[in-house]
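Below is one structure, written out as structure tokens, with a few remarks after it.
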Amino acid sequence: MDHTEWLVTCRDVAGRRRNLTVFVSQGHVVVVAPPGETAVFAPLEVGRLRAALRDAVVKATVVSAVDSPEP
């Protein structure tokens, strides 16, 4: 499965449901937090964030290798 964007559920400090977005842009991993909010994660959500970051790093490494082949 080829993901380009991962959503990780979390809550803000008031307990409202929010999402953290992880994606790859030009070989870099980008994390977008809820605007002006603090993301609060339950243990399971931390596991999902970890998985999203791991998958994004793998994809970023592949994108970097394709964009800058060795001489």
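Values quoted throughout were computed directly from the atomic coordinates according to the rules given, and no laboratory measurement underlies them. As the structure is a computational prediction, the values presented were derived from the model and not from experiment.
Gaussian network model of the chain, Cα springs within a sub-10 Å range: biggest mean-square fluctuation belongs to which of L20, L44, L53?
In the Gaussian network model the winner is L44.
Nearest 10 degrees is fine. How inclined is helix 43-67 to the longest principal axis of the chain, computing both from alpha carbons?
20 degrees
Would you work out the relative contact order for the chain, in percent, from Cα pairs under 8 angstrom that are 6 or more residues apart?
That works out to 31 percent.
I need the phi-derived Karplus couplings for segment 16-23: 6.51 cos²θ - 1.76 cosθ + 1.60, θ = phi - 60°, integer Hz, Gly and Pro marked x.
Here the 3J(HN,Hα) series is 7, 5, 9, 10, 10, 10, 10, 8 Hz.
Under the rule of -39500 (n - 2.57) per DSSP H run of 4 or more residues, summed and divided by the residues of the chain, what mean residue ellipticity at 222 nm is obtained, to the nearest 500 deg cm²/dmol?
Dividing the helical sum by the residues of the chain leaves -12500 deg cm²/dmol.
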